[in-house]
Amino acid sequence: MNITISRKAGEPLTFQCRPHEKILYAALQNRLTVPYECATGTCGSCRAKLVSGALNYGWRDAPGLKALKVDRGEFLMCQCSALSDCEIRIPSAVSVSDSDLATPDHLAGTITDFNKLTDDVMSFCITLENEVSFQAGQFALLQLPGVDGARAYSMVNYAPHTDRLEFVIKQYKGGKVSEWLFEKSLSSAAVTLFGPLGHAVFEPQLQRNLLLLAGGSGIAGMMAMLQQADQIGYLEKHSVDLIFGVRSSQDMFYVTELKKLAATYPDTLKITIALSDVADAVGSNDIASDSAEPLDKLKIARGFVHEQINSVRADTDTMAFIAGPPPMVDASIRELVGSKGFSAEQIRYDKFA
Amino acid sequence: MTWKPVCSTQDVSEQTLKLCKVDGIALLVANVGDGFRAYPPVCPHMEEPLDESGICADGVLTCTKHLWQWDMRTGEAKGPAERPILMYDVRLDGDQVMVNLEKELEYDFDEDDDDDDY
Ligand SMILES: Cc1cc2nc3c(=O)[nH]c(=O)nc-3n(C[C@H](O)[C@H](O)[C@H](O)COP(=O)(O)OP(=O)(O)OC[C@H]3O[C@@H](n4cnc5c(N)ncnc54)[C@H](O)[C@@H]3O)c2cc1C
Ligand code: FES
Ligand code: FES
């Protein structure tokens, strides 16, 4: 099937879309700069308008449809596939990307190495049939057998080329994919992925100091950035502040890895773990006695991630990355723009919704 | 011209927004320091309510949803924003902020021949 995007400026762009392929996926495989954020039906960023042709609408209850005028032909590119040749319009400028980011594709692999990190957080790996390249901070869409729709998960590891992707997932009560993984914890389930995706990527060539703000499993992409920064010596020349928010000391994970990094780069890397559950938070490193291991160079703070922002190192050269639940991301953006004077160019985010 | 009082200058402190309603029309009054401005109350990107998602700093209005930004004085788009923000005519009458509400300003999000949005 041919999809044609009519444009205000420039000739129409036409690309091939296989039957059942989501229009967003096909556009991205053709390196078109179509807008998207979650790629999973929740945010509404991928809205487009059908001018002619027929669509399979996929998930009818997608929360991202809330802001759309479906009766006027608006649809979500990440949920719809084409039933015929289609002409569509997109409310922003679209062109062929000249960025260095790898072109996303369908990937086949096997889930392995489940590892419970806390009561409700687990890590797992997917071993791919072929190697991929991606940037630290990117995510992939996981499709599990028998579950409707894909889910986005950010890569925790980083390597220039790899056939092994590591992820971390938080369990949600009633959540189809997270419960599937927690209950089955099957080593060797065959799964498919689509990726890499996402714009909130670490670009070492920009030579920026970093401010990393993570809520819960939002730490995933930050771990990949720290891993890459460590590999390429970035932390020898640049300051990096990480604020990692969890509920209580029992909910902390990756403590061993973070401690090791903080000890390696005592001058440039500052890591704060923010505990939001006030009843639990001691507000000092006394908490170390509660946790399974001493915290060494990690600082413990009381409160939400955005409440720690006033104490971080930041100037006009800093690039902030934010990932986690949407309210955490929104509150952090508000603080960075309102109190720290950050411009839009200095902020990259992923809302885990 | 249909000038209507919408609020008092004291109601809106510097670099903040206030949601006002006059004759059933909702609008957002901004105090830019040396003057006042009034905008439709929704973000021209995806219609988020700007009284909740908007934040003002240094004469720039930012929608925290996807970081679209505008010059608060001129309404011009900045950074990733792809459309300007619409503005009502505003004047002061003593400490009353007066807005010309002849016609409610709205973004064409979905008209078929709308060239702005698509
Ligand atoms: C960019 C991004 C990165 C993320 N990274 C991580 C991460 O690293 N770790 C982590 O734990 N979480 C991450 N998330 C959240 C994750 O994608 C899931 O939303 C979460 O794990 C809950 O999934 P669930 O299946 O358990 O819950 P559910 O409530 O079953 O599903 C939640 C989501 O799945 C999709 N969905 C549900 N039903 C359907 C359907 N019928 N058809 C199509 N789609 C459907 C929707 O997007 C919905 O919001 C990320 C989210 C985004 C957007
Ligand atoms: S990108 Fe399609 S709804 Fe978020
Ligand atoms: S809704 Fe305001 S920037 Fe997207």
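The values are calculated or read from the model by the stated rules, or taken from the named source; none is laboratory data. Here the structure is a predicted model, which means the values were calculated and not measured. Cβ atoms come from the backbone with ideal geometry, glycine included; neighbour counts cover every protein chain shown. For accessibility, only protein heavy atoms count, side chains too; no ligands or nucleic acids. Shrake-Rupley method; radii C 1.70, N 1.55, O 1.52, S 1.80 Å.
Using the structure shown, decide if residue B:4 is within 14 Å of another protein chain (Cβ to nearest Cβ) and of a type in the set (Lys, Arg).
Details: within 14 Å of another protein chain (Cβ to nearest Cβ): no; of a type in the set (Lys, Arg): yes.
No: the conditions fail for residue B:4.
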Is it the case, given these coordinates, that residue A:51 is over 19 Å from the mean Cα position of the chain (by Cα), away from ligand 1 (no atom under 15 Å from the Cβ) and not charged (D, E, K, R)? yes
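Picking from A:67, A:62, A:102, which residue would you name as being within 16 Å of ligand 1 (Cβ to nearest atom), within 20 Å of the chain's Cα centre (by Cα) and of a type in the set (A, V, I, L, M, F, W, C)?
Sole residue among the options that is within 16 Å of ligand 1 (Cβ to nearest atom), within 20 Å of the chain's Cα centre (by Cα) and of a type in the set (A, V, I, L, M, F, W, C): A:62.
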If you check residue A:109 against the conditions, is it open to solvent by less than 40 Å² (accessible area, probe 1.4 Å) and over 25 Å from residue A:351 (Cα atoms)? yes
Given the condition more than 23 Å from residue A:330 (Cα to Cα) and among the charged types (D, E, K, R), answer yes or no: does some residue in region A:237-256 qualify? yes
I need a count of the residues in region B:3-15 that are open to solvent by 50 Å² or more (accessible area, probe 1.4 Å) and either in a strand (DSSP E or B) or within 13 Å of residue B:38 (Cβ to Cβ) (or both). 4
Considering only strands (runs of 3 or more DSSP E) fully contained in region A:1-116, which possess at least 3 residues that are more than 14 Å from chain B (Cβ to nearest Cβ) and touching a strand residue (DSSP E or B) at 6+ places or on another chain (Cβ under 7 Å)? A:13-16
Please name all residue pairs, on different chains or six or more residues apart, with Cβ atoms under 6 Å, provided the first residue is in region A:167-185 and is closer than 23 Å to residue A:245 by Cβ and more than 16 Å from ligand 2 (Cβ to nearest atom) and the second residue is assigned to a loop (DSSP other than H, G, I, E, B) and open to solvent by 60 Å² or more (accessible area, probe 1.4 Å). A:178/A:172
Residues of region B:48-67 satisfying the condition of being charged (D, E, K, R), near ligand 3 (Cβ under 10 Å from one of its atoms) and either within 13 Å of the chain's Cα centre (by Cα) or more than 8 Å from every other protein chain (Cβ to nearest Cβ) (or both): B:48
Residue satisfying all of: in region A:43-83; polar (S, T, N, Q) and open to solvent by 40 Å² or more (accessible area, probe 1.4 Å); nearest to residue A:26 (Cα to Cα) among these: A:56
Pick from region B:68-100, criterion β-branched (Val, Ile, Thr) and open to solvent by 20 Å² or more (accessible area, probe 1.4 Å), ranking: farthest from ligand 3 (Cβ to nearest atom): B:90
Can you tell me which residues in region B:26-45 are open to solvent by less than 20 Å² (accessible area, probe 1.4 Å) and either within 16 Å of ligand 1 (Cβ to nearest atom) or not small (Gly, Ala, Ser) (or both)? B:27, B:28, B:29, B:31, B:32, B:39, B:40, B:43, B:44
The lone exception for residue B:37 - which of (1) farther than 15 Å from residue B:98 by Cβ; (2) charged (D, E, K, R); (3) part of a strand (DSSP E or B) it fails: (1)
Exactly one of (1) within 27 Å of residue A:353 (Cα to Cα); (2) away from ligand 3 (no atom under 16 Å from the Cβ); (3) in contact (Cβ under 8 Å) with a residue 40 or more places away in the chain is unmet by residue A:92. Its number? (2)
